[in-house]
Amino acid sequence: MRLGILTGGGDCPGLNAAIRAVVRTGFARGITVLGFRDGWRGVMEGEAFPLTPEDVRGILPRGGTILGTSGTQPSGIEGGPELVRRTIAAQGLDGFVVIGGEGTMGTTAAMPDVPVVGIPKTIDNDIGGTDASIGFWTAAQIATDLIDRLYSTAESHNRVMVCEVMGRSAGWIGITAGLAGAADVILIPEHPFDIELVCERIRGVHSERRSFSIVVVSEGATPVPDTMNLPQYELDENGWPRLGGIGQLVAAEIQGRVRTETRVTTLGHVQRGGSPVAFDRVLATRLGIAAVDEAIAGGWGNLVGLRGHAIETTPLVEIGARASLVPPERFGIPEILCV
Ligand code: F6P
């Protein structure tokens, strides 16, 4: 058997652990694993190179991806799926293990004749078919550590600290790091916020026995229509809005309305960098092993994911409709205002 492997979409901690697991499991089962650079772009260009256990030695704790990544989606490019088919034939591949997020999985679902087993990764944790995607718990930990640091400086200066975290359409990083870091307000994309309610909450916190507060804002959070301006987002090369900036606008509103000095910290790509936490290392390793076994069993077109403590599969065609969002019952967590 010959398997191709690629990483697509934004990088995250844990990708290398998954690549290592696929290569080592493949080797143990007598499978040849071929790497492709920069996601589907490398497949369309037909550049493949063999990967052996020696090639992946020492990469488990390393951030990023040794394969490189891109958001290239063959299904959105004229002739793209045909180039993928050509590479399959030229390299004698039985199929691919694709480590990706929603975009990458969407493209695989749009090429049903291309044999793929999917492994979910994204710090946003918004992909269906798994309780956690590779990278999420590392990003949540990084954000929590940084909120802890903001807490002490907020307290010293009696300031409001607004902390913008990633999370395009799902507020998992915001709600997780916000809870873990004892934030006073958490704003997530799933629920439009009312800036006046946010300010009321901050005034309430300040009138108790302290006069500082922490506000966590997911980059994809939006105000209730006609209550506040939104940043003007440029589009990236794949046509997605390049998010970032809502924290600045929220901070300006808070400073103007609450009349308390307010500062903003945008965590940005630091959330995606560096070494994975133990949970992501183990998850990535388990999913890598499961993906190879799924391919051997002929389970093409499936995503391997974590359900409770078990690894289970979900058809890739169902993933798009099963995006994982923060459920409404979490919006009203006591002491936290996800207005
Ligand atoms: O990986 C998902 C994500 O982190 C989103 O939260 C964010 O909007 C996006 O990636 C930014 O990615 P890039 O700057 O690499 O386009």
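Is at least one residue of the range 108-115 in a loop (DSSP other than H, G, I, E, B), of a type in the set (A, V, I, L, M), modelled with pLDDT under 95 and away from the ligand (no atom under 16 Å from the Cβ)?
yes
Would you confirm whether or not the range 198-211 contains a residue that is away from the ligand (no atom under 16 Å from the Cβ), surrounded by 23 or more Cβ atoms within 10 Å (Cβ to Cβ), among the β-branched types (Val, Ile, Thr) and not in a helix (DSSP H, G or I)?
no
Determine which member of the set 257, 263 is more than 16 Å from the ligand (Cβ to nearest atom) and touching a Cys at 6+ places or on another chain (Cβ under 7 Å). Full working, then the answer.
On the way: 263 fails: touching a Cys at 6+ places or on another chain (Cβ under 7 Å).
None of the other options fit; the residue is 257.
State yes or no: is residue 43 of a type in the set (Val, Ile, Thr), touching a Pro at 6+ places or on another chain (Cβ under 9 Å), closer than 25 Å to residue 238 by Cα and more than 16 Å from the ligand (Cβ to nearest atom)?
yes
Quick check, is residue 183 within 14 Å of the ligand (Cβ to nearest atom), of a type in the set (A, V, I, L, M) and surrounded by 24 or more Cβ atoms within 10 Å (Cβ to Cβ)? Spell out how you get there, then give the answer.
Working: within 14 Å of the ligand (Cβ to nearest atom): no; of a type in the set (A, V, I, L, M): yes; surrounded by 24 or more Cβ atoms within 10 Å (Cβ to Cβ): yes.
Here the answer is no, as residue 183 does not meet what is asked.
Being in a loop (DSSP other than H, G, I, E, B), away from the ligand (no atom under 16 Å from the Cβ) and within 26 Å of residue 132 (Cα to Cα) narrows it down to one residue among 24, 62; which is it?
It is 62.
Regarding the range 251-261, can at least one residue be identified that is in a loop (DSSP other than H, G, I, E, B) and within 30 Å of residue 70 (Cα to Cα)?
Of the range 251-261, the ones in a loop (DSSP other than H, G, I, E, B) are 259-261.
Filter again for within 30 Å of residue 70 (Cα to Cα), leaving none.
No, the range 251-261 contains no residue that is in a loop (DSSP other than H, G, I, E, B) and within 30 Å of residue 70 (Cα to Cα).
Tell me which residues, restricted to the range 1-15, are under 14 Å from residue 287 (Cα atoms) and more than 16 Å from the ligand (Cβ to nearest atom).
Across the range 1-15, the qualifying residue is only 5.
Could you tell me whether residue 168 is within 11 Å of the ligand (Cβ to nearest atom), more than 25 Å from residue 289 (Cβ to Cβ) and of a type in the set (D, E, K, R)?
Taking the combined requirement at face value, the residue satisfies it.
The values are calculated or read from the model by the stated rules, or taken from the named source; none is laboratory data. Just so it is clear, the structure is predicted and the values come from calculations on it, not from any experiment. Methodologically, a virtual Cβ is constructed for each residue, glycine included, from the backbone with ideal geometry; neighbour enumeration extends over all protein chains shown.
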